[in-house]
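*Asks:* Attaching a single structure in structure tokens format; questions to follow.
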Amino acid sequence: MSATSDVRPSRTRTGRARSGGKSSSSRPTSASKTAATPTAGRLDWLRTMLDKPLASFHLVLASAGLLVALGLMMVLSSSSVYAYQNNDDAYYYLKRQAVFLVVGLIAAFVVTRMSRSMLQVVGWLALFVSAALLILTYTPLGVTVNGNQNWLELGSPMLRLQPSEFAKLAMIVWAADVLARKDKLLDQPKHLLIPFLPVTGLMIMLVVFQGDAGTAVVMAGIVAGVLWIVGAPMRIFASIGVLGIAGVVVLFISSPNRMTRLFAFLNPAADTAGANLQSTVAMRGIASGGWWGVGLGASRQKWGSLPEAHTDFIFAVIGEELGLFGSLAVLGLFLVLGYAGLRIAARSDDRFSRYLAAGVTSWFMVQALINLGVVLRLLPIAGVPLPLLSYGGSALMANVIAVGVLVFCARNEPAARKLLSKAPKPVRPEMTTVVDGRGRKRNTGR
């Protein structure tokens, strides 16, 4: 008995001496706590920031603002040589882009301050106006650029616009209103698809007959994105997908130019001075950029070897001058913008705002994917600009107004709406009537 009692206390004392009174499995070591604390702290900080009522609002403004600022910088860099050769002014395209940006910002600010009912009315008016402008492109007012009669010239080359860019946004706002009004009936296919599908299909066909297949594909992507957020059944997606594939096949077969581009895409080594020129030069520029790029303004490909360097292929110049770091930064900003848009759609308790946010997000993401796929030689050349970055007055104005629509939806999130409704309002001065000693009245402001 004594021997046993002597042994057990000795083990206890030894265990306490080694573990400090507790077993090593009962709590983490100081080294593991040190390694885990910074990561947990960052995650907690990120959750706290994202839980704030205006987090979506700030995410949209930050990502879109950085993309626009980078776009202005890269438009100047990629277009300076071409602008000087053709217009004797290296800043020609930057000046025009800045003017379009200011007009777009003014319109976007007006949109953010609209009421829901006003925006719904504007959506219907915009749909009819954009459809009329698309029809006018088939008249003598229409202008053909790069084989596509998708431009409208209103008396002067300085007043040239591309109606299809505004038609995308008009289609989104109109569709959001129609589907929100029919929300309780959307489980019935006839109410889900009519009049949504015939009207959007008509808008897409007007663009297809202009010869602009790339824009038509983007508009079809918008339609699919809206149907997805609405919750359309998979059989509808399958039917629309079959029709879409058949339409793309018809587009390629009916156009020798598109067939040439398709064969060039399938055989990258063929005709590198013709159909494969843009893709070959773009990949050469991106490859020469390396990790950090050759330096801002130091692109070699923009000196005439890369057509459309400041429009459809601006990402190639970004990859060459800013390298992999700059390219990933652009991708990251688009991912943040896409996340913010889907977050707004998921958090909105208003169906109109939800469908609006989903439509605008689908537009930006689909168009960005097509442009990047073309530049990286993952898709045949489609002639689609990179949203918020590429040069183009109509595209930039429509994109900035669409960002204003996203801001409108972010301000309409339940938590954001509650916070903004409590914001202090400016106090108007009170007018007090005073009667002086002579019986005359005078007003004083307080």
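The values are calculated or read from the model by the stated rules, or taken from the named source; none is laboratory data. Model, not experiment: these values are computed from the prediction. Here Cβ is always computed from backbone atoms with ideal geometry, including for glycine, and neighbour counts include all displayed protein chains. Only protein heavy atoms, including side chains, enter the accessible area calculation; ligands, DNA and RNA are left aside. Shrake-Rupley method; radii C 1.70, N 1.55, O 1.52, S 1.80 Å.
*Asks:* Mean residue ellipticity at 222 nm from the helices of the chain, using -39,500 (n - 2.57) per DSSP H segment of n ≥ 4 over the full residue count, to the nearest 500 deg cm²/dmol?
*Replies:* Mean residue ellipticity, 222 nm, calculated: -23000 deg cm²/dmol.
*Asks:* Could you tell me what percent of the accessible area of the chain is made up of carbon and sulfur, with a 1.4 Å probe and every protein chain present?
*Replies:* Exposed carbon and sulfur together represent 67 percent of the surface.
*Asks:* Using the alpha carbons of the chain, what is the convex hull volume per residue in cubic angstrom, as a whole number?
*Replies:* Convex hull volume per residue, Cα atoms: 343 Å³.
*Asks:* 7 Å from Cα along Cα→Cβ at both LEU419 and TYR84: what's the point-to-point distance in nm?
*Replies:* Simple spin-label model gives 4.7 nm for this pair.
*Asks:* By the scheme Lys and Arg +1, Asp and Glu -1, what is the net charge of all other residues having a beta-carbon under 14 Å from that of ARG96?
*Replies:* Summing Lys/Arg as +1 and Asp/Glu as -1 gives +1.
*Asks:* Excluding GLY404 itself, what net charge comes from residues whose Cβ is under 13 Å from its Cβ, given Lys and Arg +1 and Asp and Glu -1? Write out the running numbers ahead of the final one.
*Replies:* Details: positive: ARG113, ARG411; negative: none.
Cβ neighbours under 13 Å give a net charge of +2.
*Asks:* Under 10 Å, Cα contacts only: if you run a Gaussian network model on the chain, which one of ILE245, ILE286, ILE222 comes out with the highest mean-square fluctuation?
*Replies:* ILE245
*Asks:* Cα centroids of segment 329-369 and segment 373-390: how far apart, whole angstrom?
*Replies:* So the separation of the two Cα centres works out to 19 Å.
*Asks:* Next up: Let a ≥ b ≥ c be the square roots of the eigenvalues of the Cα gyration tensor of segment 79-146; is it rounded (a/c under 1.5), or, if not, prolate (a/b larger than b/c) or oblate?
*Replies:* Here segment 79-146 falls in the oblate category.
*Asks:* Can you run the Rg to Rh ratio on segment 144-192? Use alpha carbon positions and the Kirkwood inverse-distance Rh.
*Replies:* We get a ratio of 1.28 for segment 144-192.
*Asks:* Next up: If you plug each phi of segment 349-362 into the Karplus form 6.51 cos²θ - 1.76 cosθ + 1.60 with θ = phi - 60°, what whole-Hz ³J(HN,Hα) values come out, in order, with x for Gly and Pro?
*Replies:* 9, 9, 4, 4, 5, 5, 6, 4, 4, 5, x, 5, 5, 4
*Asks:* Roughly how many debye, to the nearest 20, is the charge dipole of segment 132-249 about its Cα centre, given +1 on each Lys and Arg Cβ, -1 on each Asp and Glu Cβ, and no other charges?
*Replies:* The dipole of segment 132-249 has a size of about 280 debye.
*Asks:* Now for a separate question. Mind checking the dipole of the chain: about its Cα centre, +1 per Lys or Arg Cβ, -1 per Asp or Glu Cβ, Debye to the nearest 20?
*Replies:* 2680
*Asks:* When only C-alpha pairs under 8 Å and at least 6 residues apart count, what is the relative contact order of the chain, in percent?
*Replies:* On the way: 569 pairs, mean separation 98.8, N = 446.
Value for the chain: 22 percent.
*Asks:* Label points 7 Å out from Cα along the Cβ direction at LEU243 and LEU154: separation in nm?
*Replies:* Output for this residue pair reads 3.3 nm.
*Asks:* For a test of understanding, tell me how many lysine pairs in the chain have Cα atoms under 20 Å apart, given they are 8 or more places apart or on different chains.
*Replies:* So the count of such lysine pairs works out to 5.
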